[in-house]
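Enquirer: This is the structure I have questions about; it appears just below.
The values are calculated or read from the model by the stated rules, or taken from the named source; none is laboratory data. Treat the numbers as computed from the prediction; the structure is a model and nothing was measured. All Cβ positions, even for glycine, are placed from backbone atoms using ideal geometry, and neighbour counts span all protein chains on display. Quick note on the areas: whole protein, heavy atoms, side chains included, nothing else; ligands and nucleic acids left out. Shrake-Rupley method; radii C 1.70, N 1.55, O 1.52, S 1.80 Å.
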Amino acid sequence: MTDADLDTLLEVFRANHAFMFEGSHVISDGPISNERLAEIEQTTGIALPHQYKRHLNRVGSGDIAFSSVYTPELSLEYSLWREYEYMPQNRGRFLPFADNGCGDYYGFCIVDGICSDPVCWADHECDYNISEPEYPDFNTFLAEVALKS
């Protein structure tokens, strides 16, 4: 899914479901600058996918309709690095950016310090073994999981 397609889908979804993006139940850290994202990549030694960084830069982390997106900020409670450390068997191989609320994670496979675009699944019932890609990219994940109505 292209960036423009996702932008359109998000705009329409927000227009039809504004209540899902307002109020005290919404967790959001706000947009993260490109400069800060570059610092995080430098500090962690892991390059994040373009679409994930674009989302963080434009929308931020936190709740988005029927899902949520972890922040890459290292010191925040909602940090993906807390979940990354929770799965030592996948360290350096899988970077979780969201969960399903039942102990499973959506994330990116890491090869040579670079996150791949496809979104994979780590199932807690299978010792967090990494699945084949579930979605071709982050935008498609948001469209089919977070914005599916």
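Enquirer: Can you pull out the GluC sites (Glu not before Pro) in segment 72-115 that DSSP calls coil and that have at most 10 other Cβ atoms within 10 Å?
Expert: Sparse-neighbourhood loop GluC sites (Glu not before Pro): GLU77.
Enquirer: Sticking with this structure for a sec: May I ask you to rank LYS53, LYS148 by accessible area, largest first, using a 1.4 Å probe over the protein chains only?
Expert: Ranking LYS53, LYS148 by accessible area, largest first, yields LYS148, LYS53.
Enquirer: What are the ³J(HN,Hα) values, in whole Hz, obtained from phi via the Karplus relation 6.51 cos²θ - 1.76 cosθ + 1.60 with θ = phi - 60°, for each residue of segment 31-47 in sequence order, with x given for Gly and Pro?
Expert: Computed from phi, the couplings for segment 31-47 are x, 10, 5, 4, 5, 5, 4, 5, 5, 5, 4, 5, 5, 8, x, 10, 7 Hz.
Enquirer: Using amide H atoms built 1.01 Å from N in the peptide plane, name the residues 5+ places from ASP137, or on other chains, whose amide H lies under 5 Å from its own.
Expert: For ASP137, whose amide H was placed from the backbone, the distant partners under 5 Å are VAL119.
Enquirer: Under the Karplus relation 6.51 cos²θ - 1.76 cosθ + 1.60, θ = phi - 60°, what is the ordered set of whole-Hz ³J(HN,Hα) values for segment 101-106, x standing for Gly and Pro?
Expert: Along segment 101-106, the couplings run x, 10, x, 9, 10, 9 Hz.
Enquirer: Would you mind working out the accessible area per residue for segment 69-149, using a 1.4 Å probe, and quoting it in Å²?
Expert: Using a 1.4 Å probe on heavy atoms only, each residue of segment 69-149 averages 48 Å².
Enquirer: Sticking with this structure for a sec: Can you give me the long-range amide H partners of ASN129? Hydrogens built in the peptide plane at 1.01 Å from N, cutoff under 5 Å, separation of 5 or more residues or another chain.
Expert: HN-HN under 5 Å from ASN129: ASP123.
Enquirer: Still on this model: Expressed as a rounded percentage, what relative contact order does the chain have, with Cα pairs under 8 Å and six or more residues apart?
Expert: In percent, rounded to a whole number, it is 20.
Enquirer: If I stretch the segment between LYS148 and ASP5 completely, what's the gain in nm (0.36 nm per residue apart, minus their alpha carbon distance), one decimal? Each step should come with its number before you reach the end.
Expert: Values: separation 143, 0.36 × 143 = 51.48 nm, distance 1.43 nm.
Gain in length upon complete extension: 50.0 nm.
Enquirer: Can you run phi through the Karplus equation (6.51, -1.76, 1.60; θ = phi - 60°) for segment 115-131 and list ³J(HN,Hα) in whole Hz, with x for Gly and Pro?
Expert: 6, 7, 6, x, 9, 10, 10, 10, 8, 5, 6, 10, 6, 6, 4, 8, 7
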